[in-house]
Amino acid sequence: MKRNSTLLLSSFIMMISYTASDYFLTWLSVRTSDYLDWAVYDLVTIITLSLIYFLIKKTTPSFLYLLVGLTFNSMFFLFMYFDVFIRENREPWLFWDIYTFSVNIIDLIMIVALIVDRDFLGLHILKNKLISLFKTSELNQIQ
């Protein structure tokens, strides 16, 4: 499968995920929490993208951006769910502002990553440095 095909497939999976999780398309469903629903949608999307990767063994630069972005978004959704529904907090506080800003910026970064399909934030460089750091530390432990 060509690189452009994997980019198209990733974009298609993201489109399906965001369309399925859109509040206006699911207004008839029994909703316990949008935050929990969104976290589940993101986790399913991460699993779907990972399965596609293991099947076709090819990615594009945007693939890492999607996985990292969806992971952070799902963590924010779970933290908001915990704050609002478990702790029953009704008073806005700093985390709510961080949540709002971060989720929207992460979504924008994922969109840009799919459009430009370049490592514009250096995530791949960071990933490679972390991998080499872990390999080096593992080799030092073996000796």
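This ranking places Arg90, Arg118 by how few other beta-carbon atoms lie within 10 Å of each, fewest first, which gives Arg90, Arg118.
Normalised by the number of residues in the chain, the mean separation of alpha-carbon contacts (under 8 Å, six or more apart) gives a relative contact order of 28 percent.
In angstrom, the C-alpha Rg and Dmax of the chain are 17.7, 61.
Output the 0 to 90 degree angle, nearest 10, between the alpha-carbon long axis of helix 123-142 and the longest principal axis computed from the alpha carbons of the chain. That helix lies at roughly 60 degrees to the long axis. Principal-axis analysis of the Cα atoms of the chain puts helix 94-116 at an angle of about 50° to the longest axis.
For region 56-143, chymotrypsin sites (Phe, Trp or Tyr not before Pro) meeting the loop criterion (DSSP other than H, G, I, E, B) and having at most 16 other Cβ atoms within 10 Å: Trp93, Phe120.
Laboratory data are not the source of any read-out in this text; all were calculated from the coordinates shown. All values reported here derive from a predicted model rather than from experimental measurement. Virtual Cβ from ideal backbone geometry, glycine too; neighbours counted across all protein chains shown.
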